[in-house]
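Undergrad: Shown below is the structure under consideration.
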Amino acid sequence: PQTIYLKDYTPFGWRVESVYLTFRLAASATRVLSKIRFAPNPDAPDQRFFLHGENLDPISTRIDGSETTPRAVAGGIELDVPDAPFTFEAEVEINPAANTALEGLYMSNGMYCTQCEAEGFRKITWYPDRPDVMAPFSVRIEGSEPVMLSNGNPGASGDGFADWHDPWPKPAYLFALVAGDLVTHPDSFTTASGKQVELNVWVRPGDEGKCAFGMEALKKSMAWDEATYGREYDLDVFNIVAVDDFNMGAMENKGLNIFNSSCVLASPETSTDANFERIEAIIAHEYFHNWTGNRITCRDWFQLCLKEGLTVFRDAQFTADMRSAPVKRIEDVIMLRGRQFREDNGPLAHPVRPDSFVEINNFYTATVYEKGAELIGMLKTLVGHDAYYRALDLYFDRHDGDAATIEDWLTVFEDATGRDLSQFKRWYDQAGTPRLSVTDDFKDGTYILNIKQETPATPGQTRKAPRIIPIAVGLLNPNGDEVQPTTILEMTEAEQSFTFEGLASKPVPSILRDFSAPVILEHEVSNATRAFLLAHDTDPFNRWQAGRDLALDTLLNMIRDGAVPGTDYLDALHTLIRDDTQDPAFRALALGLPSQDELAQMLHDHCETPDPQAIWEALETLKQVRAEAYQDTATRLYARYQVTEPFAPTAEQSAARSLANAAMSMLNRLDGGALAQKQFDDADNMTQQLAALSALIAADKGETAVARFYQQWRHDRLVIDKWFSAQIVHARPEDAAAIAKTLTQHPDFTMKNPNRFRATLGALAMSGAGFHHASGDGYDLLADWLIKLDPLNPQTTARMCTAFETWKRYDTDRQAKIETQLHRILAAPDLSRDTTEMITRILG
Ligand code: HT7
Ligand code: ZN
C-alpha cells in the first residue's frame, strides 16, 4: 500500500463553486446524481482533474452537458476538462445494504445513514474528497422514508422528496444524509443575537424516552460556546440522529450530527452515571466542532489535531465547568496515561501531527486527540488566560472559512502574544512522552529544583530536541502551609535549575500541579512525604497523585517480592476516605487503583518483565487487605452516601453513588456477596444495578444475577452490551477467554454491530491477565475474530489490533504467542489496508 507524506501536499487544481446532489434511495441500488461546478484554482501547480471514487457503479458522466468517458485510475477517475470553469455531472449506483464497513452510505436497522470522515464520501460519488476542497451543497433526497435529512437548512419537501441547502462551504467529509422511520424529541434555542434555532434528537420509535438528557446537554453546549468563546450557531436547525451501527462515538456533520446510539441515548434505568457524563461530553464535543472543525477545517488529514485536539480541549473545559474541574482533570489524566502514554511508548508512537500515513483512519488516536488537547492546555498555561482567548478570537476572525494548518494556528498565537513558539512546535512534531527527572537542594533559605528532560526514541525518530515544558510548582512548609503558591516554571533546556529564595525551612515541593504537561515525572519521594501531600497539598490533582504514587509503590513492591501492603498507604488513604468534609467523588477516585496495564507499563519502564497474573493477584490482595482494614468505614460510607432523592444524573448524586459503590465492592469481599445481591435486587437505576452485577461476578456469585439481568434487558441493545462486557471484564483470568468464546456463540452476538463486537472482544482485550493468560487462548480468540471481521469492517478491526501493541513488554513465551497471531492475521487473504498497516507497525 502507498504511503502518503505531509511534505508532498499540493492544493487541488480546481475550486468547487457549488454541489447539487440527488439521491434516489433504494436499499441495494441507490442512484446518486451529482452536478458540480468547477473553476480553476490559481494557487495550484497544475490543473490535473482527478476525482476520488470507490465501489461506484458508473451510469453516466457529462462535462458541460456532453457525455464523456472517464479514465479509471487508482482510487478514482481522470478526465480531460476545459481550462475554464465547467460543470461536471455524473450518475452512479451504490449498494448501501451491502456496505458493512459503515463508511459512505449504509443501512443500519433499516435506516439509511452516512459516515464520510475521513474518506467515505468517495464511496458515494465521484468527488475531490479532500478537506481543503470546500463548497456549498444542495441536496435532494427522493424516497419513501418518513424522515429524510441532510446538512444545512430544510428546503422544499413533499410526497417522496426532501430538499436541503447548506450555505456554509464545507469539505465532503462533513456531508451527511439520514433517512428512515424516525421520531424526534424537539426543542429550540435562541442564540445570543436572538436567532431561533430548531433542535431535534431523532431516534427509532421506542427510544423517545431516552432523548431528554442529550437535548439538555446540547442546549447547555450552545450557551457555553457563546459565553466562553463568543461562538454562535449559524443555521436554522440543528439535528442529532442516533444510529445503532457506528464505528466510533459520533460525527460532527454540518447541522446533522450522527451519533452512535450509545453516545446519545440515556435514561436512569439503562445508563450509568459514567454514561451520562460521557454523553454530555460527546454532545458538547460534536457541537463545538461547528466552529473548530467545520467553519475552520483542516487543510489535509495530517492537521487532524488542529480540529480534534482543540475540540477535546474545549469539551474538557465544558465538563469542568458543568461538573467538578478537579474530578474531570483526574479522570482525563487516568485516561491519558492508560491510552496515550501506552501508545507513545510502543510501536504505534507517532507525533501529534504525523508526517506520513497509509490509512488515515488509523490516526484517529489518543495521541492526536488527547495529547493534542494537552498541547492546547500547555499553550494556554504558557500565554495565560486572557491572551489565550485573544488568540482564539484572532483565529476565528482570520481563518473562518479556511482549511488551516498547525502553522496557521501557532502563527495566530505568535501574533496575538508576541511569543516565539518555534520550540513549542516540537510538541507537534516529536513523538514520545518526555520524562522529567527531578532532584532538589536546600541551603541558606534557597531551594533549588534541578530538572532533566529526556524523551526516548520512537519509531523513525531516534533523537529528540528539548521541548518547552510548563511545569506548575507550589511549595509547602512542613506544617502544611503553602509558602509558594502555584508558579509556572518554563523549562526550555535539556537540564535546568529553578531557584526559590527566602525560605525559612526546606519546603515540600508539589510538582506538575494540575498535570501541567503530558510528561512522566520521576522524583524520589518518601512515602511519608506522599502521605503529607495527600493530606495537605492545595492542588487537588497533586493530592490525588500523591495517593496514586503511594498505591503504585505499594503494588510494585507486592508484585516484585510479595511484600505486604505498608501502613503508610493504608493509613493515609483511610484518613482521607473517612473525612466527610472531602468531596465524595475525590475520595472515590482516591480509592481507585492503577489498572493492570498501567502497572505492566511501569514495570516495563523499570526494565522489568511484567507478569500479568502476578499483577492481577497483587491487585486482588491489596483490595482484600483494604476491605479488611476499612470494613467499619466502608459500612458507614455505604449507609451515609445512599441517595434517597429520585435519580438525577448530577455530579453531586454521581459522586455519592461512586463512593457508596466503592464501599459496596469492599464489603462484597467480606460478606459473601450479600450486600451486592441486595443492591442488585433493589436497584432502580443502572449505576446501582451494574455495580452490583459486577461485584457479584467478581466474587463468583453472579450466576443468578447474570441470568436475571439478561431477562430484564434482552430487548435493549445498549444494556445487553454491558451484559456481554461485564461477564468478561470481571471474570477470573483463567476463565476470561473461555467466557468470551462462549459469548461469541450467544444468539445476540453479532460482528456486524461494532458496539457488540467491542463489548465482547474489546472487553477481552482490556481484561489484563485474562487476555494475557499464559495459555495464549485470549490472543488466539482475538486473532480469530479480527480475521473474521476484517473483510466486513476494516476500520473497527484495525483499531482493535491495538490490543497487541504492548507485546514487546512481555516474556518470551507470550511474545512468541502474540507474534504467531500477528503473522496469522497478516497472512489472511485480502487483508485490508487498515489492518495491514496496523499489524505491520505493531510488528515493528
Ligand atoms: N470527527 C469524528 C471522527 C471520525 C469518525 C466518527 C465516526 C465514525 C467514523 C469516524 N472516523 C473519524 C468524530 C469526532 O472526533 O468528533
Ligand atoms: Zn472530534
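Every number here is computed from the coordinates shown, using simple stated rules; none is lab data. This one's a predicted model, so the numbers in the text were calculated from it and none came from an experiment. So basically every Cβ, Gly included, is an ideal-geometry build from the backbone, and we count neighbours across all protein chains shown.
Undergrad: Suppose each label sits 7 Å from its Cα in the direction of the beta carbon; what would the Asp682-Ile488 distance come out to in nanometres?
TA: Rounded to a tenth, the inter-label distance reads 4.9 nm.
Undergrad: Mind jotting down the distance between the C-alpha centroids of the range 29-77 and the range 207-245, whole Å?
TA: Each part reduced to its Cα centre gives a spacing of 36 Å.
Undergrad: Mind checking which of Val16, Gly230, Ser157 is farthest towards the positive end of the range 4-280's charge dipole, using Cβ charges of +1 (Lys, Arg) and -1 (Asp, Glu) about the Cα centre?
TA: Going by the charge dipole, the pick is Val16.
Undergrad: Sticking with this structure for a sec: Summing +1 for each Lys or Arg and -1 for each Asp or Glu, what net charge is found among the other residues whose Cβ lies under 14 Å from the Cβ of Ile739? Display every interim value, and only then the final one.
TA: Working: positive: Arg732, Lys741; negative: Asp700, Glu703, Glu734, Asp735, Asp777.
Neighbour charge sum, excluding Ile739 itself: -3.
Undergrad: Same structure again: Could you give me the percent of Cα pairs per 5 Å distance bin for the range 297-429, shortest bin first, beginning at zero and ending with the bin that holds the maximum distance?
TA: Spelled out bin by bin, the range 297-429 gives 2, 10, 19, 23, 20, 15, 9, 2, 0 percent.
Undergrad: Something else: I need the Debye-formula profile for the range 4-280: one equal scatterer per C-alpha, no solvent, reported as log10 I(q)/I(0) at q = 0.08 1/Å, two decimals.
TA: Values, matching the q order: -0.35.
Undergrad: What is the Cα centroid distance between the range 262-317 and the range 381-424, reported in whole angstrom?
TA: 21 Å
Undergrad: Sort 601-612, 690-701, 658-669 by packing, meaning the average of other beta carbons within 10 Å per residue, with the highest value first.
TA: In decreasing order of mean packing, 601-612, 690-701, 658-669 become 658-669, 690-701, 601-612.
Undergrad: Counting other Cβ atoms within 10 Å of each Cβ, which chymotrypsin sites (Phe, Trp or Tyr not before Pro) in the range 362-467 have at most 13 and sit in a DSSP loop?
TA: Nothing satisfies the criteria.
Undergrad: Just the Cα atoms of the range 541-694: what Rg and Dmax do they give in Å?
TA: 16.1, 51
Undergrad: Something else about it: I want the local charge near Asn362. Using Cβ-Cβ distances under 13 Å, sum +1 for each Lys or Arg and -1 for each Asp or Glu among the other residues.
TA: Around Asn362, the surrounding residues sum to -3.
Undergrad: Give the relative contact order (percent, whole number) for the chain; include only Cα pairs under 8 Å separated by 6+ residues.
TA: Values: 1616 pairs, mean separation 69.0, N = 844.
Value for the chain: 8 percent.
Undergrad: A follow-up question, please. Cα-based Rg of the range 720-844 per 2.2 N^0.38 Å, rounded to two decimals? Mind dumping the intermediate values first?
TA: Values: Rg = 13.5 Å, N = 125, 2.2 N^0.38 = 13.8 Å.
In units of the globular-protein estimate, the range 720-844 measures up at 0.98.
Undergrad: Using the Cβ atoms and a cut-off under 13 Å, what net charge is assigned to the surroundings of Gly460, where Lys and Arg are +1 and Asp and Glu are -1?
TA: Values: positive: Arg463, Lys464, Arg841; negative: Asp355, Asp429.
In short, +1.
Undergrad: Still on this model: Run the paramagnetic zone check for Ala614: 7 angstrom along Cα to Cβ, then residues of the range 530-560 with backbone nitrogen under 12 Å.
TA: It comes to 556-560, nothing else.
Undergrad: What are the semi-axes of the equivalent ellipsoid for the range 31-142, taken as the square roots of 5 times the Cα gyration tensor eigenvalues, largest first, in whole Å?
TA: Over the Cα atoms of the range 31-142, the ellipsoid semi-axes are 25, 15, 13 Å.
Undergrad: Continuing with the same structure: Lysine pairs in the range 718-844 with alpha-carbon atoms under 19 Å apart, 8 or more places apart or on different chains: how many are there?
TA: Total qualifying Lys-Lys pairs in the range 718-844 comes to 7.
Undergrad: Among Phe749, Phe246, Ala192, which residue has its Cα positioned farthest towards the positive end of the charge dipole of the chain, with +1 placed on the Cβ of Lys and Arg, -1 on the Cβ of Asp and Glu, and the dipole taken about the Cα centre?
TA: Phe749
Undergrad: Continuing with the same structure: I need the peptides 15-28, 765-778, 498-511 ranked by packing, meaning the mean over residues of other C-beta atoms within 10 angstrom, with the highest value on top.
TA: Top of the packing list down: 765-778, 15-28, 498-511.
Undergrad: Rounded to two decimals, what is the ratio between the C-alpha radius of gyration of the chain and 2.2 N^0.38 Å?
TA: My calculation over the Cα atoms of the chain gives 0.96.
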